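To keep things clear, I will list the structure first and then write my remarks on it.
The values are calculated or read from the model by the stated rules, or taken from the named source; none is laboratory data. These numbers were taken from a predicted model, which means no experiment stands behind them. Backbone-built Cβ (ideal geometry, glycine too); neighbour counts: all protein chains shown. Surface accessibility is based on the protein's heavy atoms, side chains included, excluding ligands, DNA and RNA. Shrake-Rupley method; radii C 1.70, N 1.55, O 1.52, S 1.80 Å.
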Amino acid sequence: MNINRTIAIIQARMASSRFPGKVLADLGGKLVLEWVIERVGRAQAVGKVVVATSTDPQDDPIAAFCEEKGVACFRGSQHDVLDRYYQAAKAHGAFIVVRVTADCPLIDPKLIDRTVMFMWGGFSGGTITPNPWFDFTANRLPPPWIRTYPVGLDVEACKFTALETAWQEAAEPHQREHVMPFIYEHEARFKISVVNHDEDLSDRRWTVDAPEDLAALRALVPLLPEKFSWLDVLKIWDAHPEIRALNEGVVHKSGKDVDDRAD
């Protein structure tokens, strides 16, 4: 199968309940969303990058930014993010859907590749070799699974057919807002796999979900080499306790938390 049908969909909106406007905040001279788009675009196992935002007028700046940069943008439901993902994936002919959120500016292209390859067996010459065993793969999931990668490196990948089943059947609010829970909450129906690191690094926090997170990454980014991997980030992060202290009090949201502004 050609990798062009592996579509990475980055969900982004301005109306974050915790930190409005975060995706278009400046981080080292680039917007947070710009970091995410550029780094996801370097993944060799991804054929196309699509930003999925909402039709709400306050998300017009996101659509305008994508148009300016020549990045595909799909607009759909503000709160039913599962529907937004499904419609975006369908519109772009996805066979594999890779989910990334726009508040992860340090997302690592090689971790995206590792997640996709773990699911599909590998790729070469522009083609992906299917592994029939898995419908869904991620490098982090909520308990009872164990998270090992730092927060902010989150990647989920699934077959379009699995996403379509979730879209048709998911009824719980958290399943609609967080896109993938219906799949991994039904292990009897889907073949699930998790990519883990050999060391538990889950206490590191490299996302932009709160103002404190942005402050920490603004202090971190100038110290990174021009072409950095997540292991470079880890080395610098662990060497600078004053940076870690900037967001150590932020509590990560649960996978079942939902925006109470949704219908």
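General remarks:
- Accessible surface for the chain, divided over its residues, is 44 Å² per residue with a 1.4 Å probe.
- Among the cysteines of the chain, Cys104, Cys158 have no other cysteine beta carbon within less than 4.7 Å of their own.
- Whether the range 138-263 is rounded, prolate or oblate, judged on the alpha carbon gyration tensor where a/c under 1.5 counts as rounded: prolate
- Computed lengthening from Arg218 to Lys235, 0.36 nm per intervening residue step minus Cα-Cα distance: 4.5 nm
- Estimated [θ] at 222 nm from DSSP helical runs (n ≥ 4, -39500 (n - 2.57)) normalised by residues in the chain, nearest 500: -9000 deg cm²/dmol
- Shape category assigned to the chain from the gyration tensor of Cα positions, a/c cut at 1.5: rounded
- The chain, accessible surface, carbon-and-sulfur percent (1.4 angstrom probe): 52
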